[in-house]
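To start, the structure itself, in structure tokens.
The values are calculated or read from the model by the stated rules, or taken from the named source; none is laboratory data. Every value quoted in this text rests on a predicted model; they were computed, and no experiment measured them. Glycine gets a Cβ as well: all are built from the backbone with ideal geometry, and neighbour counts include every protein chain shown. The protein model used for the area step is the full one, side chains on, heavy atoms only, and it has no ligands, DNA or RNA in it. Shrake-Rupley method; radii C 1.70, N 1.55, O 1.52, S 1.80 Å.
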Amino acid sequence: MKIRINFNYFLLSLGCLLLLSLLLAPHTQPLQGAIPPETNAKAIGYQTEFGPIGTGITVFKRRVLNSRFSSDTTLLNKEKVEQMIQPKGTRRFDRNFWLAELLFIVLIAYGFGRYDSITGFIKKTGSLKYTYHLSARFIPWLTAIAVLLLLIGLVDGLVFAPIDAKQKDAYRIIFIHVPASSISLQLYVFMALMAAIGLIWHIKIAEILAAAAAPLGAALTAISLITGSIWGGGTWNTFWEWGDPRMMSVLILLFIYLSIMGLNSAIEDRRTAASATAILTLSALVIIPFVILSVNYFNTLHQAQTQIFNKNSMDPRMARPLVIMIFAFMFYTAATLLMRVRAEIIHSERNTQWVSEEAAGS
Amino acid sequence: MKKSAATAFSALVRRDLLLAYRYRAEIVNPLLYFVIIVSLYPLSVSSEPKVLATIASGVIWVAALLSALLSLDSMFRSDYEDGTLEQILMSPHPTAVLVLAKVTAHWITTGLPLVVIAPLLALSLHLDAAAFPALLLSLLIGTPALSLLGAIGIALTVGLRRGGLLLAILILPLYVPILVLSSTAIQLAAEKVPYSGPLLMLGALSVLALTLAPLATAAALRISLR
């Protein structure tokens, strides 16, 4: 597939952008008066926004800040203000997220890379057979590690981790909620990566991986929503809050996962289905940064991301089981993904010689 | 006789507008649908002016969303059935530009009438007078994004026999940010505070859709017609 990009086309979009800013400029108003006096906008870290455009965005943020929630959960929460005015260098993404991401990718790459000839790996039906046999060797190990980590993590989290000062034992659902949410996001990124590879180079195994990831991702997102809702019911006194950007964006993520599955099952031809699904997956990738940033950008009911490796932010005795659980979920996901991939390979290759030999042999 | 992409663009827009003019039902039906949905709310929720004023922004935008969804099918369906779509894909001009022409024509025939008629409906829903500029602006900025994003969905499902419901499932999650931003803008305007923030974000989304959606639609059309 060739995508031709026309220069005129970009000029057109640039023109639209200019027109838009011209249209909107007179509608913005100065900062004073727009923001209630009890809030010191500077203290909450809005000073980075500039000019009349910044004012508009600030008012929008303030709207989300102030509107639907009582003040103790949101605005003048001292801890939150301190979090937001931290110097830029210290406000980093959780290293854990990237560590987990890296491990996951390395694992997949290790399983499926044919280091000797990458070009030979492409468009070879033999590679599917290779993958089928290789994954058979991987699955027991991945499953064993997942079960072991789950056991250690659950015992550590439910028994040995200290009781939270405010939430008492209710916080322990974090050991399911956070891993499920984290992996559901990572799986989407992985799926989009595989979709892009499948779309561009027509590598069959990438298409199969993308198709196998969608139901898993949907399940994990559902787990994240359900556990989050139970947790919220216990500690925020509300099971569901329509105004919270994090809940909304995760719900949309679930819908997107489901729509990807729907499209994939609606098209008969597997290759066409894979390409069509890939385009949808890549189009909806926009949601991922929104899900990740929604808690840091909009300051609402859902707390901002806790820095797991920061001792002031989280007790190490709580962080340890959490990290273990994230890895447990990752290994579980990898194992399940490979099982689905194996089933998919057998299905798509059912008319080939090696599958019938396999069937006769077993 | 090699002609530029701009010529092809305007020719395609003119052709689609002429077609829409000949089959006026294509313009009128989504509009009628829009009006009917809006009128269902006062009948079902409440006819109290105060209640209507608070829900007006959401009602109008939900109706706009649904009527856009209904009208999307006409964007590629008839072209797919009579083979015009294959001709479009085979033309030497960039498919994305031609797709943009189709989307433009679709917006002029379905999006623009909504913008024209929406103030009237807003008036009947007792929307605050201060919110009208925001309503018009959000519709002007937002409806092109509806057409552009919808084009991806319809391009993916055009080859399917039972694509209608699937289209709604594919597209509605992608429409949610547009809905949230525009109705927030209108509500802010009704409360007489600056509403440029959500509108600017809406504009950013629209421009993003304008730059990337035609490329995705072109790729999706190639897959659907494979």
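Here is how the numbers come out for the structure above:
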quantity: Considering residues of region B:139-150 that are within 11 Å of chain A (Cβ to nearest Cβ) and over 9 Å from the mean Cα position of the chain (by Cα) only, the residue surrounded by the fewest Cβ atoms within 10 Å (Cβ to Cβ); calculated: B:140
quantity: Region A:151-207, residues that are among the β-branched types (Val, Ile, Thr) and assigned to a helix (DSSP H, G or I); calculated: A:152, A:155, A:159, A:173, A:174, A:176, A:178, A:183, A:189, A:197, A:200, A:205
quantity: Residues located in region A:329-361, provided they are open to solvent by less than 50 Å² (accessible area, probe 1.4 Å) and small (Gly, Ala, Ser); calculated: A:334, A:335, A:348
quantity: All positions within region B:187-196 that are open to solvent by less than 20 Å² (accessible area, probe 1.4 Å) and in contact (Cβ under 8 Å) with a residue 12 or more places away in the chain; calculated: B:188, B:189
quantity: Residue A:309 vs. criteria assigned to a helix (DSSP H, G or I), open to solvent by 50 Å² or more (accessible area, probe 1.4 Å), assigned by TED's automatic domain parsing to the domain that holds residue A:240 and modelled with pLDDT under 90; calculated: no
quantity: Any hit, region A:202-212, residues being crowded, with 20+ Cβ neighbours inside 10 Å, among the basic types (Lys, Arg) and in contact with a helix residue (DSSP H, G or I) (Cβ under 8 Å, 6 or more places away or on another chain); calculated: yes
quantity: Condition met for residue B:170 (at the interface with another protein chain (Cβ under 10 Å from one of its Cβ atoms) and closer than 18 Å to residue A:285 by Cα); calculated: yes
quantity: Test: residue B:37 is open to solvent by less than 30 Å² (accessible area, probe 1.4 Å), free of Cβ contacts under 8 Å to residues at least 40 places away in the same chain, of a type in the set (A, V, I, L, M) and out of contact with any Gly (no Cβ under 8 Å at 6 or more places or on another chain); calculated: yes
quantity: Residue under evaluation residue B:86, criteria (1) more than 14 Å from chain A (Cβ to nearest Cβ); (2) surrounded by fewer than 20 Cβ atoms within 10 Å (Cβ to Cβ); (3) under 14 Å from residue B:217 (Cβ atoms), criterion not met; calculated: (3)
quantity: Among (1) over 26 Å from residue B:49 (Cα atoms); (2) at pLDDT 90 or above; (3) facing chain A (nearest Cβ under 8 Å), the one test that residue B:196 misses; calculated: (2)
quantity: Subset of region B:201-215 [within 7 Å of another protein chain (Cβ to nearest Cβ) and surrounded by 24 or more Cβ atoms within 10 Å (Cβ to Cβ)]; calculated: B:203
quantity: Every residue from region B:151-166 that is crowded, with 19+ Cβ neighbours inside 10 Å and more than 9 Å from every other protein chain (Cβ to nearest Cβ); calculated: B:151, B:154, B:158
quantity: Test set (1) farther than 19 Å from residue A:216 by Cα; (2) over 18 Å from the mean Cα position of the chain (by Cα) - residue A:283 fails condition number; calculated: (2)
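Per-residue answers, yes or no, for (1) of a type in the set (A, V, I, L, M); (2) closer than 21 Å to residue A:329 by Cβ; (3) open to solvent by less than 30 Å² (accessible area, probe 1.4 Å):
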residue: A:131; (1), (2), (3): no, no, yes
residue: A:136; (1), (2), (3): yes, no, no
residue: A:154; (1), (2), (3): yes, yes, no
residue: A:158; (1), (2), (3): yes, yes, no
residue: A:163; (1), (2), (3): yes, no, no
residue: A:171; (1), (2), (3): no, yes, yes
